[in-house]
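Chemist: One structure follows; several queries about it will come next.
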Amino acid sequence: MTKRANLTSSLSVLALLAILFFSFVPVIMMVTMSLKDSILIYGDFWAPPIPPMWSNYNRALLDLLAPAARTITMAAVSIVGITFFSCLAAYAFARLKFFGKEFLFYLVIFIFLVPGVLTLTPSFVLANTLGLRNSLPGLTLFYIGGGQVFAIFILRAFFQSQPEEIFESARLDGASELRSVFAIAVPLARPILVTLAIMNFLAIYNDLIWPLLMLPSPENRTLTIALQAYQPLNERLPGRPDLGVITAGYVFASIPILMVFAFGMKYYIEGLTSGAIKS
Amino acid sequence: MATRAGPTRPVMSVAAPKSQSWAIAPSGRAILAALAISFVLLNVLYFTSLRPKANVIEKVQAIPGGRVLEAVAIGDNRVLALTSDNRFVLVEDGSVVAETPVDKTVTSLDITADSSKIVGGTSDRDVIIWDAQLNELRRFQVNGRVTSLKVAEDNTVVIGYGVGRFTGRFNVGRFDLQGNPVFTKRVGQDVNAVAVANDLSIYANVSGDVGALGSDGEHVWRGKAVKPLLQMDVTADGHVIGADERGMVYLIDVATGKTIWNQKLSDYRMRMVAYDALSDKIVAGDEDGRLFMLNMDGQLFYQAKASASPIRSFIHTVQDNLFAVSSNGEWIKIDLGLALGAQRQQAINTGWLISNLMLIAAAVTTLTLTVPRLRASAFHTARQIKQSKTAYLLIAPSMILILIFAYVPTVMGLYYSFTNFNLAEPIKFIGLDNFVRVLTKDPFFWVGVGNMVLLLVTGIIKSLTVPLLVAELVFWLRWARVKYWMRVAFIVPSIVPGVVGVLLWKQIYDPQIGLLNETLKALGLGHLTRAWLADANTAIWAIIFAGFPWVGIFAFLIYLGGLLNINHEIFDAAAIDGASAWRRFWDIDLKMIRPQLRLILFFTFLGSVQEYGNIWIMTRGGPGTATYVPGLQMFLQISAAEFGYASAIGFILALVVLVITVWRFRFSQQPDVD
């Protein structure tokens, strides 16, 4: 029995390894190409990256550092804005009684039903009208506004699951509601907050269509815009893209996400598998 | 503290005993109610029957076929119209009495002061003169195509003509009816309009110049309009009226060329401006079919949407009636007496409506304050709102953000989809035109829908198979350590940002140096290589295949979470019953993670309908339209500043998403294994 089970598990591992291999193909390709001289890529596609050509990275870093810094700053500010405001609102909706609460909460979740395709065009017009177009703070404001509904929805559910007694005793001790939010509710909600932050980071970091519309001028380019148009020149390769440098840029762009995962993977997996984000 | 009343808060003493509340002054309330009802009835009566209704604008489809390019009045009730299919049509009292074909394309038309002769200029250098019965009398030639002409009182004709377009080779000339020039003068770019005031010949051209030439052909004055004037006429005082392409009308002093006044009438370009000697008024018409009447001091006193097509020509006024011809051949008669009356009436109605609303508001307030029960609940509500201050402060930033960045665009989007909003013309409500165009006239849209359905079906298959298989395999691994590392390993490829993932697959498909073609060559299958994304037969399948083996990390973790949450006793019971792994998968696993499956299905659906960034990166929708999807089309329409049309596409996609969303939430609320 155990022997058979071991056999099944071993076969499972083999199958998983096979799938894993194919999943890694683009990553492997990216990393090997990024370490090769582009002339070598065109000359002998299958040649190993020996010796590794690190200068590809120097060049890519030089070109992409500014857009990457821009994107990360924007994402960080957006995430702070999203979580800060939504924590306050979610706490009120979860813990306080007030006039019009039901109605206002329906107002929040009703907008859930409105898909992004409907609001893309008018958001563009709105950004133009408000003078938020072609400005990074403008785009950030849109991200903060756009992230509210989902965050409030998730956080409210989490705050509601926290025991009322803690807050009651805090009130008896004379703590203000604002203190209750930041001293009790938020620290307890850390896993879900980190999950929210990661989800928002991934969404903002990977967003392409909206920044393309919002930021037409080159000095405001986000990383995704810069990457999809990245064509470094190389006088040794007339008329051909410098694949080594380009793929080095791709690797560089993956590092922030790698760091985010390394820091928050535990929470992220917990958040997704615990069923908090389900129906 | 939102939940507690503060100690200093005064307590309202309002609660009258319930039994008494209906006893207080019932007669007073009855009178109030009776007054209110009769007030409402009076209003209804007024708005339905007493309000005068009049047919202010009468229209007759007088000129069949072709568009009307120009029309002039001959006497009081005859109109000569020139159509775009080169016919002269003589209309009397709204019906055709004669028509003759013309052998040339007549671009401009005028009539002598005594209505005995008609002068037309052609695009073919000819100036033709007819008598009032449309018999040709003679023709002579000028040195270029005629763009505009006007007949003066002294039976000379001022003609703007020249060669080419935007060439600077345009002239204004004054000729007698035999074709002998009084003078000709080179005036620069294309002449839009000419006018004649006694011995001054006035012209306006496309570069915005306005000038007056004396009888010697030299400039008496010249000036510059803000926008090029399209139409001109001359008033009784000899001053010049001009109308430009931005809906502005000017009165220009004939002696100095200075603007006496200007007036913005419309967002559209003006198609007609004329002075009416009989009523001493200015009449103007715009591209949108609106007709305007102005006093000589520039005051607009009447405007109406007279036609669906541009007002081409103003004929004249007879007593209180105004006659005009629109470019789709409508003979329009406007009863000015009634029209002005109706305008006054409208002002009265507005006032009436406002006073009504104020009275109703006053009545409601009085009622609330006099009926104790209502008063009590009003005060109660007010107190509650006051007590909720903290809560309101907490939710205020989020609510404001949601209002501005979610609700405002939603409402705008709904509105825009029913308009022609773009940067080329003024915004206008056009009903369902966008939707009709998308659904019946736009071939790209349906190509896109076909691709979208294909992407949707394959997307569902992709997200329901491989991630589930991987989740199952990982879940049933016997070694905890291996299990943990497998989970981590599958997450690692997703550190590649989405855009980079798509770019990498684009690189894989590269025809020259792509991994796919290189692998095929290495395997000796060189004949299979192709430009995967540039070949209309393979492009959409290449996009679908990208991401192989499609271990979506989100789906994988959700499935795994679902499996982890299943109570282990169920598996133990199944094991004791001797169920095979296959049976267990179908009977337990699949059933227990049904909510997760539904969630992934839903997200896949949303993604397939709304995502097109990957397609934009890989193919931009090409080759041709092979990989178009409606979302991408919307994006391209936004880039082309066709906001109304883009909104309509968004609206249609949103409806599809909404239907599925509502269906899903109803479905998930059924008592289930949740």
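The values are calculated or read from the model by the stated rules, or taken from the named source; none is laboratory data. Everything numeric in this text was worked out from a predicted model, so none of it was measured. We place every Cβ from the backbone using ideal geometry, glycine too, and count neighbours over all the protein chains shown. All accessible areas refer to the heavy atoms of the entire protein, side chains included, with ligands and DNA or RNA removed. Shrake-Rupley method; radii C 1.70, N 1.55, O 1.52, S 1.80 Å.
Chemist: State, as an integer percentage, the relative contact order of chain B based on alpha-carbon contacts under 8 Å between residues 6 or more apart.
Modeler: Relative contact order here is 8 percent.
Chemist: Let me ask something else. Excluding ligands and nucleic acids, what accessible area in Å² is computed for B:LEU432 using a 1.4 Å probe, to the nearest 10?
Modeler: My reading of the accessible area for B:LEU432 is about 110 Å².
Chemist: Give me a single rounded figure for B:466-477: the average over its residues of other chain Cβ atoms within 10 Å of their Cβ.
Modeler: Counting other chains' Cβ atoms within 10 Å and averaging over B:466-477 gives 3.
Chemist: Could you tell me which of rounded, prolate or oblate describes region A:1-118, using a ≥ b ≥ c as the square roots of the eigenvalues of the alpha-carbon gyration tensor, with rounded for a/c under 1.5 and, failing that, prolate when a/b is larger than b/c and oblate otherwise?
Modeler: Oblate.
Chemist: While we're here: Would you work out the relative contact order for region B:438-668, in percent, from Cα pairs under 8 angstrom that are 6 or more residues apart?
Modeler: The value is 30 percent.
Chemist: On to the next question. I'd like the accessible area for A:ASP63, computed on protein heavy atoms only with a 1.4 Å probe and all protein chains in place. Round to 10 Å², please.
Modeler: Surface accessible to solvent at A:ASP63 totals approximately 60 Å².
Chemist: Check the straight Cα-Cα distances from B:LYS389 and name the lysines below 20 Å, setting aside those fewer than 8 residues away within the same chain.
Modeler: Output for B:LYS389: A:LYS97, A:LYS101.
Chemist: Also: With all protein chains present and a 1.4 Å probe, how do B:PHE175, A:PHE21 order by accessible area, largest first?
Modeler: The residues order as A:PHE21, B:PHE175, largest area first.
Chemist: Roughly how many whole Å is it from the C-alpha centroid of region A:7-68 to that of region B:443-520?
Modeler: Using only Cα atoms, the two centres lie 17 Å from each other.
Chemist: What's the magnitude of the charge dipole for chain A around its Cα centre, counting Lys and Arg as +1 and Asp and Glu as -1 at the beta-carbon? Answer in Debye, nearest 20.
Modeler: 340 debye
Chemist: Using a ≥ b ≥ c from the Cα gyration tensor of region B:192-250 (square roots of the eigenvalues), is it rounded, prolate or oblate, where a/c under 1.5 gives rounded and otherwise the larger of a/b and b/c decides, a/b for prolate?
Modeler: Oblate is the answer for region B:192-250, as a/c is 1.5 or above yet b/c matches or exceeds a/b.
Chemist: Kindly express, to the nearest 10 degrees and within the range 0 to 90, the angle between helix B:443-475's C-alpha long axis and the longest C-alpha principal axis of chain B.
Modeler: Its long axis makes an angle of about 10 degrees.
Chemist: I've got another one for you. If every alpha-carbon in chain B counts as one equal scatterer, what log10 I(q)/I(0) does Debye give at q = 0.07, 0.10 1/Å?
Modeler: -0.82, -1.05
Chemist: Output the residues of region A:203-221 meeting this criterion: accessible area (heavy atoms, 1.4 Å probe) in the chain alone minus accessible area with all protein chains in place is 20 Å² or greater.
Modeler: A:ASN206, A:LEU208, A:ILE209, A:LEU212, A:LEU213
Chemist: Counting helices only, and only those DSSP H runs with n ≥ 4, report the 222 nm mean residue ellipticity of chain B as the sum of -39,500 (n - 2.57) divided by its residues, in deg cm²/dmol to the nearest 500.
Modeler: For chain B, the value works out to -12000 deg cm²/dmol.
Chemist: Further question: Cα centroid distance between region A:124-202 and region B:583-656, in Å?
Modeler: 28 Å
Chemist: In addition: Which ³J(HN,Hα) values, rounded to whole Hz and listed in residue order, are derived for region A:149-154 from phi using the Karplus coefficients 6.51, -1.76 and 1.60 in 6.51 cos²θ - 1.76 cosθ + 1.60 with θ = phi - 60°, glycine and proline given as x?
Modeler: With coefficients 6.51, -1.76 and 1.60, one gets 4, 4, 5, 4, 4, 5 Hz.
Chemist: Now, a different point. Enumerate the amide H contacts of B:VAL187 below 5 Å, restricted to partners 5 or more residues apart or on another chain; note that Pro and chain-start residues carry no placed amide H.
Modeler: Those qualifying (amide H under 5 Å, at least 5 residues apart or on another chain) are B:PHE170, B:ASN171, B:VAL172.
Chemist: Give the value in nm², to one decimal: projected area of the alpha carbon convex hull of region B:498-553, averaged over all directions.
Modeler: Mean orientational projected area (region B:498-553, Cα hull): 4.2 nm².
Chemist: Heavy atoms only, probe 1.4 angstrom, no DNA, RNA or ligands counted: give me B:GLU472, B:GLU642 ranked by accessible area, highest first.
Modeler: In descending accessible area the options line up as B:GLU642, B:GLU472.
Chemist: Turning to a different aspect of this structure: For helix B:553-564, what angle does its Cα long axis make with the longest principal axis of chain B, in degrees from 0 to 90 and rounded to 10?
Modeler: 40 degrees
Chemist: State, as an integer percentage, the relative contact order of region A:150-261 based on alpha-carbon contacts under 8 Å between residues 6 or more apart.
Modeler: 18 percent
Chemist: Can you tell me the orientation of helix B:336-370 relative to chain B, as the angle in degrees between its alpha-carbon axis and the longest Cα principal axis, to the nearest 10?
Modeler: Roughly 30 degrees, rounded to the nearest 10.
Chemist: Here's something else I'd like to know. Please compute, for peptide B:498-510, the average count of beta-carbon atoms on other protein chains lying within 10 Å of each residue's beta-carbon.
Modeler: 6
Chemist: Given just the C-alpha atoms of region B:57-343, how large is their convex hull per residue in cubic angstrom?
Modeler: Hull volume normalised by residue count: 111 Å³.
Chemist: Next question. Picking from B:VAL488, B:GLY459, B:PHE548, whose Cα lies most toward the positive end of the charge dipole for chain B (charges on Cβ: Lys, Arg +1; Asp, Glu -1)?
Modeler: B:VAL488
Chemist: Over chain B, with every protein chain in place, what whole percent of the accessible area is carbon and sulfur at 1.4 Å, could you tell me?
Modeler: C and S fraction of accessible area: 61 percent.
Chemist: Return the whole-Å distance between the Cα centroid of region B:132-179 and the Cα centroid of region B:211-258.
Modeler: That distance is 19 Å.
Chemist: Checking an interface number: how much accessible area is buried between A and B, summed over both chains, with a 1.4 Å probe, in Å² rounded to 100?
Modeler: 8500 Å²
Chemist: Right, here's the next one. Provide the packing ranking of A:87-95, B:330-338, B:281-289, i.e. peptides ordered by the mean count of other C-beta atoms within 10 Å per residue, highest first.
Modeler: Output ranking for A:87-95, B:330-338, B:281-289: A:87-95, B:281-289, B:330-338.
Chemist: Using the Karplus curve 6.51 cos²θ - 1.76 cosθ + 1.60 with θ = phi - 60°, work out ³J(HN,Hα) for each residue of region B:609-614 in order, rounded to whole Hz, and write x for Gly and Pro.
Modeler: Those phi angles translate into 6, 9, 9, 8, x, 4 Hz.
Chemist: Provide, for q = 0.11, 0.13, 0.14, 0.19 Å⁻¹, the log10 of I(q)/I(0) from a solvent-free Debye sum over equal Cα point scatterers in region B:266-386.
Modeler: -0.53, -0.60, -0.65, -1.02
Chemist: Pull out the extension gain between B:ILE660 and B:LEU45, defined as 0.36 nm times the separation in residues minus the alpha carbon to alpha carbon distance; nm, one decimal.
Modeler: 216.8 nm
Chemist: Still on this structure, please answer the following. Write down Rg/Rh for chain A, rounded to two decimals, with Rg from the C-alpha atoms and Rh from the Kirkwood relation over Cα pairs.
Modeler: Radius of gyration over Kirkwood radius for chain A works out to 1.07.
Chemist: Something else: Would you mind getting the accessible area per residue of chain B, heavy atoms of the protein chains only, 1.4 Å probe, in Å²?
Modeler: Accessible surface, normalised per residue, equals 47 Å².
Chemist: Give me a single rounded figure for A:169-182: the average over its residues of other chain Cβ atoms within 10 Å of their Cβ.
Modeler: 1
Chemist: About the Cα centre of chain B, how large is the charge dipole given +1 on each Lys and Arg Cβ and -1 on each Asp and Glu Cβ? Please answer in debye to the nearest 20.
Modeler: With only Lys, Arg, Asp and Glu charged at Cβ, the dipole is about 3500 debye.
Chemist: Now, a different point. Bin width 10 Å, origin at 0, all Cα-Cα pairs of the protein assembly as shown: what percent of pairs per bin?
Modeler: Distribution as computed: 2, 9, 14, 15, 14, 13, 13, 11, 7, 3, 1, 0 percent.
Chemist: Specify the residue with the greatest mean-square fluctuation among A:THR71, A:THR247, A:THR121, computed from a Gaussian network of chain A linking alpha-carbon atoms under 10 Å apart.
Modeler: Largest GNM mean-square fluctuation: A:THR121.
Chemist: Let me ask something else. Name the residue from A:ALA76, B:THR440, B:GLY75 whose Cα lies farthest towards the positive end of the charge dipole of the protein assembly as shown, charges +1 on Cβ of Lys and Arg and -1 on Cβ of Asp and Glu.
Modeler: Sorting the options by dipole projection puts first A:ALA76.
Chemist: Using a ≥ b ≥ c from the Cα gyration tensor of region B:438-668 (square roots of the eigenvalues), is it rounded, prolate or oblate, where a/c under 1.5 gives rounded and otherwise the larger of a/b and b/c decides, a/b for prolate?
Modeler: oblate
Chemist: Still on this structure, I have one more. In whole Hz, with x marking every Gly and Pro, tabulate ³J(HN,Hα) for region B:587-600 from phi via Karplus 6.51 cos²θ - 1.76 cosθ + 1.60, θ = phi - 60°.
Modeler: 8, 10, 3, 4, 5, 6, 9, 4, x, 5, 4, 4, 4, 5
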